[in-house]
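Following: one structure in structure tokens, then a few remarks.
Values quoted throughout were computed directly from the atomic coordinates according to the rules given, and no laboratory measurement underlies them. These numbers come from a predicted model, not from an experiment. Here the Cβ positions follow ideal geometry from the backbone for every residue, glycine too, while neighbour counts run over all protein chains shown.
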Amino acid sequence: MLFNSLDFFLFLLIVFSLYWFVVYKKINLQNLLILAASYVFYGWWDWRFLSLIALSTLMDYLVGFRIYQSKNVSIKKRWLWVSILFNISLLGFFKYFNFFIDSWVDLFNSFGYQMRNTWTLKVILPVGISFYTFQTLSYSIDIYKAKLKPTKDFIAFAAFVSFFPQLVAGPIERATNLLPQFLNKRTFTYRGFSYGLKLIIWGFFLKLVVADRAAIYVNAVYNNVENHDGLSFIAATVLFAFQIYGDFAGYSLIAIGTSKLFGFDLMTNFRRPYFAASVSEFWTRWHISLSTWFRDYVYIPLGGNRTKKLRWLFNMFITFLISGLWHGANWTFVVWGALNGIYLILEVQLFRKKRKGLINILLTFLLINFAWIFFRANSIEQALYIIKMIFTSPGRLYIGSGDDIAASLYATLSIAILLLVEIKKEYFNAIFSISQNKFEFIRFVGYAVLIYLILYLGVFGESQFIYFQF
Amino acid sequence: MIKKEFKLSLIKLAKFVVIFLIADLVLGTISKQIFFNQKTGKYARSTYAIKDTDSKILIFGSSHAHRHYVPKVFEKELGKTCYNVGAEGQQLLYHTAMLKMILKRTKPDLIILNIDENFLYKSKVAYDRLSDLHPYYSDYDEELGPILGLKSKLIDFKMFFKSYQTNSTVIHAIKYYLSPQIDYNGYRPLSGQVKSVVDESEEILIKEYVEEIDENFVMGLKNFISTAKNKGISLLFVTSPTFSEVDHSNNISYNKIKEIAGKENIPFVNFFNATQFKYKHELFHDTSHLNNDGAQLFCKYLADEIKNRNLVESKKSEY
């Protein structure tokens with residue numbers, strides 16, 4: 001079920017009403033309702049994949065106990081590996097099986113061995129598998145690290161794994177943050193309700209007005225590269241930077257806001273990332289739940305920065321390489337991850353002080369955009385072609401044809417609104433605020449106008465969110 | 001305590017909804033004013049066709065209608081006023097909706113529908129582009145409801161909001177306010193010539209359909225015919241000239257349209273592969289569209305055909 005569909009609105013209304021008006025007295029019943037609702041939400045796409053979530057839930061629930069109860073560290077470790085291997089295998093099979101087979105075949109063929117590819121399977125990628133496998137993994141790892149005790153409440157645990165607001169595209173929650181919330185009573189407050197709705201409204205603005213508008217131009221250029229020149233690729237890449245931000249940050253805000261309506265607090269996932277003055281700062285602002293996941297479960301276990309410098313740089317690079325692969329089974333994502341790793345290594349080598357100022361913000365934006373080319377391109381060859389065209393053949397700027405022209409203008413207008421809001425939040429937050437204004441009338445009018453703008457400028461085609469594919 | 005919070009939330013939510021509805025009404029009314037005050041551009045043309053035209057010959061169809069039918073030629077040859085209601089990229093459901101709205105107010109003598117061979121094939125964009133009709137919903141809900149309902153079952157709910165009715169129209173209004181788009185009774189001529197040797201690989205053809213019949217489009221065509229017939233208006237189906245030789249004998253959509261036209265006794269004038277036009281690069285803007293010279297010539301031939309078939313009572317031109 002898509003957030004940007006009327007199905008979801010009806011679903012949310014029903015679940016919200018049952019949650020607070022029918023089963024509100026018993027926390028177990030509330031959790032059961034969330035579990036059932038989450039399975040309906042997920043099954044709306046493809047009910048067959050519910051078995052995967054159920055299996056992953058059961059496995060980590062049982063393994064969590066084994067890890068906790070084992071006295072012997074090596075046995076604890078063994079059970080941890082069971083969880084890791086199970087979840088990674090699940091991810092590996094559904095997401096990467098064909099990618100690795102194809103890559104092996106291509107490798108052999110490139111050495112002159114003619115190999116026929118007969119092993120690839122027709123595997124459909126289950127929506128959100130990368131998110132919930134990471135979430136369940138964090139549960140087992142945190143128990144192993146003695147940060148968390150396993151819960152006996154299976155319903156609460158299953159609801160934590162499948163919690164519908166963040167099930168398919170995050171934020172990837174840690175068991176240490178979210179699971180206790182399932183075990184404690186939630187209370188309804190006007191403050192939480194109102195804050196949740198505000199986040200949802202701004203999330204929809206980011207998705208329907210910013211991301212989906214930009215997507216029209218981006219797709220027109222990136223899906224038809226042979227007919228475009230360097231200037232168009234620059235424009236499309238910059239627009240893609242806002243498309244993916246609006247799409248993903250929009251989803252996260254809707255997820256966080258929806259959770260608020262049910263009395264849950266999810267972690268912040270984006271903090272105005274394009275105001276970062278360095279790539280390392282960018283990664284503290286972009287997809288925070290994933291970058292901290294990789295920091296805690298990959299980078300630090302590898303030794304982090306408490307090791308020799310060369311090893312430290314290697315740890316950074318390998319973490320970003322894996323992060324790239326996590327995003328998709330395509331070499332474009334691997335290169336994107338590697339590029340970010342290289343940026344960080346260069347920053348460590350070249351700059352000692354924390355960077356600040358507009359020049360550094362623009363430079364960071366430029367570097368991030370360069371990496372986005374690989375992220376958005378359909379293949380490595382296409383990305384290289386685009387880069388070549390940017391540097392050698394600026395040509396003319398495609399402004400769209402027919403309705404596309406209007407789409408480009410709408411995208412520009414919506415990004416201008418977004419930037420104004422973010423500049424205000426980043427630098428002048430204390431001056432004036434609509435969302436926190438002491439006058440209720442101003443707050444209400446501000447959000448009424450925002451909804452108006454969504455309905456007036458938004459794209460209403462029930463488009464998918466980009467991160468569903470990851 | 002919780003009850004108090006619920007009560008507070010409900011009261012605040014109700015207040016917010018009232019403020020939003022007022023904002024929607026006020027800003028929506030302004031948006032509608034902007035929309036209906038456009039002087040040029042596609043919305044200005046459709047608004048004129050719906051609200052003002054009393055022309056005796058009306059032309060419907062996609063870009064082939066919009067770019068090929070020169071009202072002045074029909075007016076001169078047939079002595080009847082003519083308006084081109086053709087709209088780029090639009091398909092049968094849109095044309096049927098436009099016809100229903102126009103016929104609510106006026107009764108022309110002849111309606112020409114320019115047939116695209118793929119009109120009946122499944123096409124998502126054909127549904128998406130029906131959003132061009134949203135601004136007219138408040139005044140024509142009876143005519144538009146069943147057609148827009150094919151796209152979304154909750155159309156009444158969505159159209160309750162004025163902001164949604166005018167979604168995605170403001171840039172268009174600003175654009176054509178700053179740079180007016182000239183048309184001649186709905187016709188916009190194309191200039192330039194198709195290359196003498198056309199490299200088809202250079203042509204970017206975006207296929208906007210799947211080769212399966214969409215029953216809604218079949219119903220749309222039948223509805224178009226019955227709407228005109230019920231008002232006693234003559235109908236004519238025409239296919240436009242093509243630059244290259246085309247073979248639509250196995251095109252299921254095209255054959256179905258011909259079959260329906262035959263059953264309903266609708267005259268059908270076929271200019272596909274017409275020798276007067278085929279491979280005459282000086283008459284074409286691109287391989288699919290005539291330039292102004294081609295359009296003038298095509299309309300002259302078509303006017304003669306209309307006269308020969310006595311489809312309208314032609315009188316000496318006063319134009």
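Putting +1 on Lys and Arg Cβ atoms and -1 on Asp and Glu Cβ atoms, find which of A:Ala175, A:Leu33, A:Tyr96 reaches farthest to the positive end of the dipole of the stretch A:6-184.
With unit charges placed on the Cβ atoms, the residue in question is A:Ala175.
Obtain the nm distance between the two label points defined at B:Gln193 and B:Asp286 by a simple spin-label model: each point lies 7 Å from its Cα along the Cα-to-C-beta direction.
Once both label points are built, they end up 1.9 nm from each other.
Largest first and to the nearest Å, give the Cα extent of the protein assembly as shown along each principal axis.
Sorted from largest, the Cα extents of the protein assembly as shown read 104, 74, 51 Å.
Once you charge only the Cβ atoms, +1 for Lys and Arg and -1 for Asp and Glu, what is the size of the charge dipole of the stretch B:205-282 about its Cα centre, to the nearest 20 debye?
Values: 9 positive and 10 negative charges, 83 e Å.
In debye, rounded to 20, the stretch B:205-282 gives about 400.
In whole Å, what are the extents of chain A along the principal axes defined by its C-alpha atoms, from largest to smallest?
68, 64, 49
Pick out, from B:Phe35, B:Thr53, B:Val17, the residue whose Cα sits farthest towards the positive end of the charge dipole of the stretch B:5-129, with +1 on the Cβ of Lys and Arg and -1 on the Cβ of Asp and Glu.
Value computed over the given set: B:Val17.
When you take every Cα atom in chain B, what is the radius of gyration, and what is Dmax, the widest Cα pair distance, in Å?
Values for chain B (Cα only, Rg and Dmax): 22.0, 85 Å.
Mean separation of Cα pairs under 8 Å and 6+ residues apart, divided by the residue count of chain A: what relative contact order is that in percent?
19 percent
Check cross-link reach from A:Lys185 to the lysines: straight Cα distance under 26 Å, and skip same-chain residues fewer than eight apart.
A:Lys25, A:Lys26, A:Lys147, A:Lys149, A:Lys152, A:Lys198, A:Lys260, B:Lys3, B:Lys4, B:Lys7, B:Lys12
Based on the Cβ-Cβ distance from A:Asn223 to A:Ala54, what FRET efficiency comes out when R0 is 41 Å, to the nearest 0.05?
After rounding to 0.05, the efficiency reads 0.65.
Within a 10 angstrom radius of each residue's Cβ in B:167-175, how many Cβ atoms of other chains show up on average? Whole number is fine.
That average works out to 5.
Hey, got the dipole for the stretch A:6-184? About the Cα centre, +1 on K and R Cβ, -1 on D and E Cβ, debye to the nearest 20?
So the magnitude is around 760 debye.
Can you work out ³J(HN,Hα) from phi for every residue in the stretch A:33-46, in order, using Karplus 6.51 cos²θ - 1.76 cosθ + 1.60 and θ = phi - 60°, giving whole Hz and x for Gly and Pro?
5, 4, 4, 4, 4, 5, 5, 5, 4, 6, x, 4, 6, 7
How big is the dipole moment of the protein assembly as shown about its Cα centre under a simple scheme where the beta carbon of each Lys and Arg is +1, that of each Asp and Glu is -1, and everything else is neutral? Debye, nearest 20, please.
Its charge dipole is roughly 3920 debye.
Can you list the HN-Hα couplings for the stretch A:7-20, worked out from phi with the Karplus curve (6.51, -1.76, 1.60; θ = phi - 60°), rounded to whole Hz and with x for Gly and Pro?
Those phi angles translate into 3, 5, 4, 5, 4, 5, 4, 5, 5, 4, 5, 4, 5, 9 Hz.
With the crude spin-label approximation of a point 7 Å out along Cα→Cβ, what separation in nm comes out for A:Phe314 versus A:Phe65?
4.1 nm
Can you sort A:Met389, A:Met59 so the residue with the fewest Cβ neighbours within 10 Å comes first?
By the 10 Å Cβ count, ascending: A:Met59, A:Met389.
First measure r as the distance between the Cβ atoms of A:Lys354 and A:Tyr195, then evaluate 1/(1 + (r/R0)^6) with R0 = 41 Å and state the FRET efficiency to the nearest 0.05.
The calculated FRET efficiency here is 0.85.
Taking every pair of alpha-carbon atoms in the stretch A:6-184, give the share separated by more than 30 Å as a whole percent.
Looking at the stretch A:6-184, the distances longer than 30 Å represent 30 percent of pairs.
Report, as an integer, the average count of C-beta atoms from other chains found within 10 Å of each Cβ along A:187-196.
Whole-number average of other-chain Cβ neighbours for A:187-196 is 4.
For Cα pairs less than 8 Å apart in space and 6+ apart in sequence, what is the mean separation divided by the residue count of the stretch A:6-184, i.e. the relative contact order in percent? Don't jump to the answer; show the numbers that get you there.
Working: 177 pairs, mean separation 54.3, N = 179.
So the answer I get is 30 percent.
For the pair B:Lys76/A:Lys26, report the inter-label distance in nm, with labels modelled 7 Å from Cα in the Cβ direction.
In this crude spin-label approximation the distance works out to 8.5 nm.
Please report the projected area of the stretch A:184-258's Cα convex hull averaged over all directions, in nm².
5.8 nm²
Say the dipole of the protein assembly as shown comes from +1 at the beta carbon of Lys and Arg and -1 at that of Asp and Glu; which of A:Ile141, A:Met59, B:Leu110 then lies farthest toward its positive end?
Final value for the positive-end residue is A:Ile141.
In µm²/s, what is D for the stretch A:219-341 at 37 °C and 0.692 mPa s, where D = kT/(6 pi eta Rh) by Stokes-Einstein and Rh is the Kirkwood radius from Cα pairs?
199 µm²/s
Checking the cross-link filter: which lysines have an alpha carbon closer than 21 Å to that of B:Lys278, excluding same-chain neighbours under 8 positions apart?
Excluding near neighbours in sequence, the set is B:Lys195, B:Lys300.
Just rank B:Val17, B:Val218, fewest to most, by other beta-carbon atoms within 10 angstrom.
B:Val17, B:Val218
At a threshold of 8 angstrom on Cα-Cα distance, excluding pairs fewer than six apart, so keeping six or more, what relative contact order does chain B reach in percent? The partial results should precede the final answer.
Details: 506 pairs, mean separation 85.2, N = 319.
RCO, chain B: 27 percent.
Ranking A:Arg174, B:Arg67, A:Arg352, A:Arg306 by Cβ neighbours within 10 Å, fewest first, what do you get?
If I rank by nearby Cβ atoms, fewest first, I get A:Arg352, A:Arg306, A:Arg174, B:Arg67.
Can you work out ³J(HN,Hα) from phi for every residue in the stretch A:415-423, in order, using Karplus 6.51 cos²θ - 1.76 cosθ + 1.60 and θ = phi - 60°, giving whole Hz and x for Gly and Pro?
Using θ = phi - 60°, the values come out as 5, 4, 5, 4, 5, 4, 5, 6, 4 Hz.
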